[in-house]
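A short worksheet on the structure shown next.
A short reminder: the numbers here are calculations on the coordinates, not readings from a lab. In this text the structure is predicted, and so the values were computed from the model without any measurement.
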Amino acid sequence: MNKRILLGLLVLVLVVTAVGVFAASSYKTTVSTSSIPTTSSNGEYVLKVKVLMNYGPFGGVSPLGDADVWLYYYNGSAYVYHEMNFTASNGVATFVLPKGDYKILVTDLHYTYTFSLSGSEEITLSYAYLYR
C-alpha cells in the first residue's frame, strides 16, 4: 500500500484514541451537596438523596428509581442503622433528620457516603455505571 495512506490511517487512529482518552478521563462517580432553603421544624431538617446513573459521554444520565437508600447515624463510636427509604421515579429519597453525622448507603450500587448534617440539604450521587 501507499505509505501516505498508512501514515494517514495511523494519524487518524491516534486522534480517535486521544479523543477517547479525553472523554473517558472526565467519566467518574461524583457526589455533590447543596443547601435546600427550608426552615427547621422541631430541630429537624430535610435531607434529599438524588441518585443518578451516568452512562458515559454518549449514554447520558438518568435517575435511578426504586433504589434502596439506607441511612446510618453516628452514635459517638460507630455508625448505627437508622432508617431506609426508596428513591422515587425522579431518583430522590427524602429523610427528615436532626443535626448530626450520618452515612448513606445506596445498596443497589454498593456505594457509601459520609457527611455531617447541619441544615436542610440535597446530596446528588452521579454514579459512573460503566466505570470499573
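Output the direction-averaged projected area (hull surface divided by four) of the convex hull of the alpha-carbon atoms of the chain, in nm². Each step should come with its number before you reach the end.
On the way: hull surface 44.0 nm².
Projected area, direction-averaged: 11.0 nm².
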*asked:* As I understand it, the value is the acute angle between the Cα axis of helix 3-25 and the longest principal axis of the Cα atoms of the chain; what does it come to in degrees, rounded to 10?
replied: 0
*By a straight-distance test (C-alpha under 30 Å), which lysines pair with residue 50 as possible cross-link partners, with residues fewer than eight away in the same chain excluded?*
28, 99, 103
